[in-house]
Amino acid sequence: MQILSSITRFLQILFSVVVLGLSISLARHQKYGKVPSQTSYAAFTGALGIIASVIGIVSLFVDRLRGVLTWVLDGVTCIALLAAGVAFSVALKGVDCNNTSTDGPTWDNPIISGGCYKDGDTKWCADKHKVHSRCVRAEADAAFMFLAFLACIGVLVVSFLTRRN
């Protein structure tokens, strides 16, 4: 059962690292305006997932950490990752990364466009050529949030089954 715990923890840390990396990448390349709150929250949940998985890995070797402490931490992490994935998906509004024209919904999305500002009637946004890559990264970030959530659920199930035995 410890092998199964190790595998689920490894998946949890892997997906959380990807979420953190993609979120930081999107935040760093925000050209205009503030970083969207969904992106900041996604970075937070990625870091929280990493912390929870490191504590979970340590709990495999330290009996005092097993049980309620890791269950609560993993439960909070699961809820945070699910909330981040839903918030990010809602903010993306079902964008189509293959349609990045300046008049489409993809262009006006601050997560994908890198931010825009208006100067009179003229609207300035981030580089049009980078919108496609930002869009793909944003969609991947949302997908990995849900994968990290599923890994976290797996960790909770394995942890609960291990504790009962």
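Coordinate-derived values only; no laboratory data. Everything quoted here is computed from the prediction, not taken from an experiment. In this analysis, Cβ positions are derived from the backbone assuming ideal geometry, glycine residues included, and neighbour counts consider all displayed protein chains.
Before moving on, here are some points about what is shown:
- Val76-Asn98 FRET efficiency (beta carbon distance; Förster radius 30 Å; 0.05 resolution): 0.20
- For Asp96, Asp108, the sequence from fewest to most other C-beta atoms within 10 Å is Asp96, Asp108.
- Gain on full extension, evaluated as 0.36 nm per residue between Val62 and Thr162 minus their Cα-Cα distance, stands at 34.6 nm.
- Under 15 Å, Cα to Cα: Lys pairs in region 2-164, sequence gap 8 or more or different chains: 5
- The charge dipole of the chain, taken about its Cα centre with unit charges on the Cβ of Lys, Arg, Asp and Glu (plus for the first two, minus for the last two), comes to roughly 400 debye.
- In region 2-164, Cα pairs under 8 Å separated by at least six residues give a relative contact order of 34 percent.
- Two tests apply to each whole DSSP H helix in the chain, Cα reach of 18 Å or more along its axis and mean Kyte-Doolittle hydropathy of at least 1.6, and the ones passing both are 68-92.
- Were the residues from Asp108 through Ala27 laid out at 0.36 nm apart, the gain over their Cα-Cα distance would be 27.5 nm.
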